[in-house]
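A short worksheet on the structure shown next.
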Amino acid sequence: MKQKTPPEPGTPMVHEPSPTMEQWRNLEPKQVMTKMTQIMDKYKQNVPEHLYIEIMNATKAIYDKLDDDDDDMDAIAEEVATDPVKLIYEVRARMALIEKAKKDMNDFKPVKRITKQFKELAIRSYCINMGIRIPIYTWECLVYYRHTPNENISEKHLYQLYKCHHNLKLKKYQEMYNIEKNILNMMLL
């Protein structure tokens, strides 16, 4: 194995720009594993050998597991295509899952009243989207920590906006539910 000679003292180190978090998020899982391997290879002279080996082994195990998962999905798809009974069970299982989701979403009933729990959800959503951390999700806490929206949005208006957004999301979920249910029903015919 060829050893790199260290740079002359005073020579500036040239580093390639690191990927941004957004670039990392856009990678497929196997691409992440490959990138991690490349990074470890690049800096292996700065890492103790036992740690380097452990990290490389873990990366390889994850990469291989991703391959196994792909093979499993291919095998399931092939089995379902050749076994109509298996297809019926898979469709019924999926129908049960979407029925549970429908029930969990209160049968897609739109929100009419703004309750204390709904207000907390609205403030929590606002805080998450704005990157705000407060101890409790109330309007009073937002005011206390000076994180209220601009002066044009009142507390009541914030709740109304969230209610409108929430109900639109439920409507879209209901549309997706109806489409998937129709497709699954057609598969059972």
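The values are calculated or read from the model by the stated rules, or taken from the named source; none is laboratory data. All values reported here derive from a predicted model rather than from experimental measurement. So basically every Cβ, Gly included, is an ideal-geometry build from the backbone, and we count neighbours across all protein chains shown.
Can you tell me which residue within the stretch 105-146, out of those that are of a type in the set (Ser, Thr, Tyr), outside any loop (DSSP other than H, G, I, E, B) and closer than 21 Å to Cys164 by Cβ, is nearest to the chain's Cα centre (by Cα)?
If we take residues in the stretch 105-146 being of a type in the set (Ser, Thr, Tyr), outside any loop (DSSP other than H, G, I, E, B) and closer than 21 Å to Cys164 by Cβ, then Ser125 is nearest to the chain's Cα centre (by Cα).
Given (1) more than 30 Å from Pro84 (Cβ to Cβ); (2) surrounded by 12 or more Cβ atoms within 10 Å (Cβ to Cβ); (3) in contact (Cβ under 8 Å) with a residue 12 or more places away in the chain; (4) of a type outside the set (Val, Ile, Thr), where does Leu184 come up short, assuming only one miss?
(1)
Against the conditions (1) under 21 Å from Asn167 (Cβ atoms); (2) under 26 Å from the mean Cα position of the chain (by Cα); (3) of a type outside the set (Val, Ile, Thr); (4) at pLDDT below 90, where does Pro149 fall short? Just the number, please.
(2)
Please tell me if Ile76 is closer than 25 Å to Lys30 by Cβ and at pLDDT 75 or above.
no
Residues to consider are Tyr162, Tyr144, Tyr173; find the one that is within 30 Å of Val85 (Cα to Cα), at pLDDT 90 or above and out of contact with any Pro (no Cβ under 7 Å at 6 or more places or on another chain).
When all the criteria are applied, what remains is Tyr173.
Among the listed residues Glu140, Glu90, Glu78, identify the single one that is of a type in the set (D, E, K, R) and over 30 Å from Leu189 (Cβ atoms).
Every option except Glu140 fails the conditions.
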